[in-house]
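Take a look at the structure set out below.
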Amino acid sequence: MDFRLTEEQQMIRRTAREFAERELAPVAIELDKTGEFPWDNWHKMAKQGFVGMTLSPEYGGGGAGLLEFTLVLEELSRVCASTAVILEVHNSLHAETIEHFGTPEQKQKWLPDLATGKKLGAFALTEPNAGSDSAAQQSTAVLKGDHYVLNGLKCFITSGSKADLYLVMAMTDKSKGNKGITAFVVEKDRKGVSFGLPEDKMGIRASIQTDLILEDVEVPVENRLGAEGDGFKIAMTALDSGRIGIGAQALGIAQAALDASVAYAKQRVQFGKPIAELQAIQWKLAEMATDIDAARLLLYRAAWLRDQGGRVSKEIAMAKLFCAQVAMRHTVEAVQIHGGNGYMREYKVERYMRDAKITQIYEGTSEVMKLIIASSLLR
Amino acid sequence: MKVAVLVKHVPDTETRIQVKPGDKKINEEGVTYIISPFDEFAMEEALLLRERLGDVQITAVALGPQKATEALRTCLALGADDAILVSDPAFEGADAYVTAKALAAALKGGNYDLILAGKQAVDDDAAYVGTAVAEFLDLPVINLVTKLEVNKAAGTAVAARDLDGYSQVIEVKLPAVFTAQKGLNNPRLPALMGIMKAKKKEIRTLNAQALGLAPNELGAEGAKVEVKEMFVPSKARKNKVLTGAPAETAPELVKLLAEEAKVL
Ligand SMILES: Cc1cc2nc3c(=O)[nH]c(=O)nc-3n(C[C@H](O)[C@H](O)[C@H](O)COP(=O)(O)OP(=O)(O)OC[C@H]3O[C@@H](n4cnc5c(N)ncnc54)[C@H](O)[C@@H]3O)c2cc1C
């Protein structure tokens, strides 16, 4: 058993870390304050080759595996979790899904622009009445000759109004339950597509979420991904890959919290010595480090397994669940170690704490991860 | 055009250097290595030359243990076409003189129009190898370059150097050796695509025999200087406390920061 990353993976990690420090760190705090969409970061990530890095070179992608992408997302999230999630949704939920399920024509049409970042992709599954119960889709798609007519309301859509392409799930046959869901690629500029106002959020503030409103949107049959009724399977496959990305986001945030805590504990003096010399603080740091390493091992294993092919939903759910828990628990601890300063905007740990929370919610809540794990145990 | 870039793999500048008592080299356990930052300027300049001039073949060259391939692999990821590792257990104990001699032997016959190196490596700070390579190859050398322009048709280059208080612009006939100073450019990071392609590119390894070097020219035997002792200095810092009214101490502090700490 070899736990070392390959030379290539190490280079990818080093590059992502350096990129994050150079390009994301100077703007992360300001972006969190203003909630402005980080287009600059997007273009820089595209130039660096992170956008579309897991797509096949045939379409201009980097040909990297999910493990390599995990390393990149972890490093980016260590500095700016908002920027990371935009990349994660684009690559894992959107572009890879088209590569996986698209026809050669569809891939040729969409992937080159998605690989270079010329187009931004989004994923639209959630509805006001279909969250954890994502099969309870109320959006509909009705076939009329050579096109479908889509109607419905999607909510909390990451990169909503900014993205060019939306992977939309809608019911083509209600009587079939989740086997009646179909996936479509919907372009932003289609007639009848509109967006709600950006949500005002606790964390990942520089990413944007809006409603996606579909009113009699005519979508050609060529835009249907997979067959009618494949939508739920497509969405779940996308989310398997996506959850590894969210695990990486959580892990990066947790690592940032630990790094900040170690630095602060060494430098903050109380009772005549650095608080790092207090055993109470040392124990916190030791637990943080141990949990983070355990989370990392679970996550890398899940990514590695997924790269070997096949579905490994249980291992992915475990990794996502644990990474998110570790991120939440230890960003709270990081604020505690920073005392009053930790509560202040000036110190980054309060942002880490706000950013960490979402990793327990989106792309399947912690409770849903437990459902997946338990159902595979009790099968 | 052919450009050779000399790169050295050195301990990460953030590494805490440790020396085992009695040893004459650093303890390499747990040390992460990077490309010496001045060599990164040299590598970036080669890439910029290619962007400006088009047909430029870039070869990265390093002398060091097998581990130094990491530095070369990074150069390949950045866009070098191929790489040469000069490596032989017999180099153990080599000084900058031996290093330059071996690198010169590796470069000889390669018909490089430009040889680019960092002005010094940040581990031993000898600031010797670039110049000595030029000497061994009987080529002109321009040190501390902050600007470089190549006239391909004329076979010349014009380089600028920022010196203490003045600048110099020098024209030289190629081939020539240049050593890079901070300010020359802003080194890029390797693009993902470059990293993925790098593993398919070739790193040739040349040992002492392949370079035609005799045993007495290598390692400690061939070295012109000998390390007598190596240790980590004690950490006690000389603190200075300025007392007096802020209006008086502030200018004094600025002066100290500029002249003693040299951070301004
Ligand atoms: C910032 C942000 C970005 C998002 N981006 C996207 C996006 O790009 N695309 C998209 O489609 N969606 C997106 N979402 C939606 C997100 O995936 C959902 O919010 C999430 O799946 C939870 O659904 P819900 O909010 O409806 O919560 P609910 O499903 O209403 O859950 C409420 C609570 O009940 C629990 N619960 C529900 N069912 C069960 C059960 N069976 N057993 C045990 N507990 C249960 C949940 O775990 C949770 O604690 C985003 C959400 C946010 C906040």
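The values are calculated or read from the model by the stated rules, or taken from the named source; none is laboratory data. No experiment lies behind these values; they were computed from the predicted model shown. When we count neighbours, we look across all protein chains shown, and the Cβ atoms used for this are built from the backbone with ideal geometry, even at glycine. Quick note on the areas: whole protein, heavy atoms, side chains included, nothing else; ligands and nucleic acids left out. Shrake-Rupley method; radii C 1.70, N 1.55, O 1.52, S 1.80 Å.
Numbers below:
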| quantity | calculated |
| --- | --- |
| Tabulated pairs, the stretch A:84-102, first in contact (Cβ under 8 Å) with a residue 24 or more places away in the chain, second within 15 Å of the ligand (Cβ to nearest atom) and β-branched (Val, Ile, Thr), C-beta under 6 angstrom, 6+ apart or interchain | A:85/A:204; A:89/A:158; A:101/A:234 |
| Qualifying positions in the stretch B:176-227 - surrounded by fewer than 19 Cβ atoms within 10 Å (Cβ to Cβ) and of a type in the set (S, T, N, Q) | B:185, B:186, B:205, B:207, B:209, B:216 |
| Leading residue by the ranking (least open to solvent (accessible area, probe 1.4 Å)) among those in the stretch B:1-59 that are in contact with a helix residue (DSSP H, G or I) (Cβ under 8 Å, 6 or more places away or on another chain) and hydroxyl-bearing (Ser, Thr, Tyr) | B:33 |
| The stretch A:297-336: number of residues that are more than 15 Å from the chain's Cα centre (by Cα) and within 21 Å of residue A:283 (Cβ to Cβ) | 12 |
| Failed condition for residue B:49, given (1) within 28 Å of residue B:227 (Cβ to Cβ); (2) touching a residue at least 12 places away in the same chain (Cβ under 8 Å) | (1) |
| Of the criteria (1) among the aliphatic types (A, V, I, L, M); (2) open to solvent by 10 Å² or more (accessible area, probe 1.4 Å); (3) out of contact with any strand residue (DSSP E or B) (no Cβ under 6 Å at 6 or more places or on another chain); (4) away from the ligand (no atom under 16 Å from the Cβ), which one residue A:135 fails | (4) |
| Any hit, the stretch A:61-69, residues being touching a Pro at 6+ places or on another chain (Cβ under 6 Å) and within 13 Å of chain B (Cβ to nearest Cβ) | yes |
| Of the criteria (1) out of contact with any strand residue (DSSP E or B) (no Cβ under 7 Å at 6 or more places or on another chain); (2) in contact (Cβ under 8 Å) with a residue 60 or more places away in the chain; (3) aliphatic (A, V, I, L, M), which one residue A:170 fails | (1) |
| Residue that is nearest to residue A:275 (Cα to Cα) [pool: residues in the stretch A:309-335 that are surrounded by fewer than 18 Cβ atoms within 10 Å (Cβ to Cβ) and free of Cβ contacts under 8 Å to residues at least 60 places away in the same chain] | A:332 |
| Filtered residues of the stretch B:164-220 (kept if within 24 Å of residue A:12 (Cβ to Cβ) and away from every other protein chain (no Cβ under 14 Å)) | B:185, B:202 |
| Subset of the stretch A:1-25 [without any contact (Cβ under 8 Å) to a residue 40 or more places away in the chain, within 13 Å of chain B (Cβ to nearest Cβ) and among the hydrophobic types (A, V, I, L, M, F, W, C)] | A:11 |
| Some residue of the stretch B:99-108 being assigned to a loop (DSSP other than H, G, I, E, B), of a type in the set (Lys, Arg) and open to solvent by less than 60 Å² (accessible area, probe 1.4 Å) | no |
| Inter-residue pairs, beta-carbon under 9 Å, first under 11 Å from residue A:171 (Cα atoms) and open to solvent by less than 70 Å² (accessible area, probe 1.4 Å) and in the stretch A:139-157, second among the aliphatic types (A, V, I, L, M) and at pLDDT below 95, 6+ apart | none |
| Filter result (part of a strand (DSSP E or B) and either more than 16 Å from the ligand (Cβ to nearest atom) or within 14 Å of chain B (Cβ to nearest Cβ) (or both)) within the stretch A:142-178 | A:142, A:143, A:144, A:147, A:148, A:149, A:151 |
| Qualifying residue in the stretch A:73-87 (condition: within 14 Å of chain B (Cβ to nearest Cβ) and closer than 30 Å to residue A:219 by Cβ) | yes |
| The stretch A:1-25, residues that are open to solvent by less than 90 Å² (accessible area, probe 1.4 Å) and not in a helix (DSSP H, G or I) | A:5, A:6 |
| Residues located in the stretch A:336-362, provided they are part of a helix (DSSP H, G or I) and surrounded by fewer than 22 Cβ atoms within 10 Å (Cβ to Cβ) | A:336, A:339, A:340, A:341, A:350, A:354, A:357 |
| Any hit, the stretch B:63-78, residues being under 17 Å from residue B:133 (Cβ atoms) and of a type in the set (Lys, Arg) | no |
| Spans of strands (runs of 3 or more DSSP E) in the stretch B:167-208 with at least 1 residues closer than 21 Å to residue B:105 by Cβ and out of contact with any Phe, Trp or Tyr (no Cβ under 7 Å at 6 or more places or on another chain) | B:176-180, B:203-206 |
| Selection within the stretch A:26-49 - open to solvent by less than 40 Å² (accessible area, probe 1.4 Å) and within 14 Å of chain B (Cβ to nearest Cβ) | A:45, A:46, A:48, A:49 |
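So that you can scan it fast, the table gives a plain yes or no per residue for (1) at pLDDT below 95; (2) over 30 Å from residue A:6 (Cβ atoms); (3) away from the ligand (no atom under 15 Å from the Cβ); (4) outside the structural domain of residue A:86 (by TED's automatic domain parsing):
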| site | (1), (2), (3), (4) |
| --- | --- |
| A:292 | no, no, yes, yes |
| A:325 | no, no, no, yes |
| A:333 | no, yes, yes, yes |
| A:366 | no, yes, no, yes |
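Every residue, every condition in (1) in contact with a Phe, Trp or Tyr (Cβ under 9 Å, 6 or more places away or on another chain); (2) free of Cβ contacts under 8 Å to residues at least 24 places away in the same chain; (3) more than 12 Å from the ligand (Cβ to nearest atom); (4) open to solvent by 50 Å² or more (accessible area, probe 1.4 Å), yes or no:
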residue: A:115; (1), (2), (3), (4): yes, no, yes, no
residue: A:127; (1), (2), (3), (4): no, no, no, no
residue: A:196; (1), (2), (3), (4): no, no, yes, no
residue: A:206; (1), (2), (3), (4): yes, no, no, no
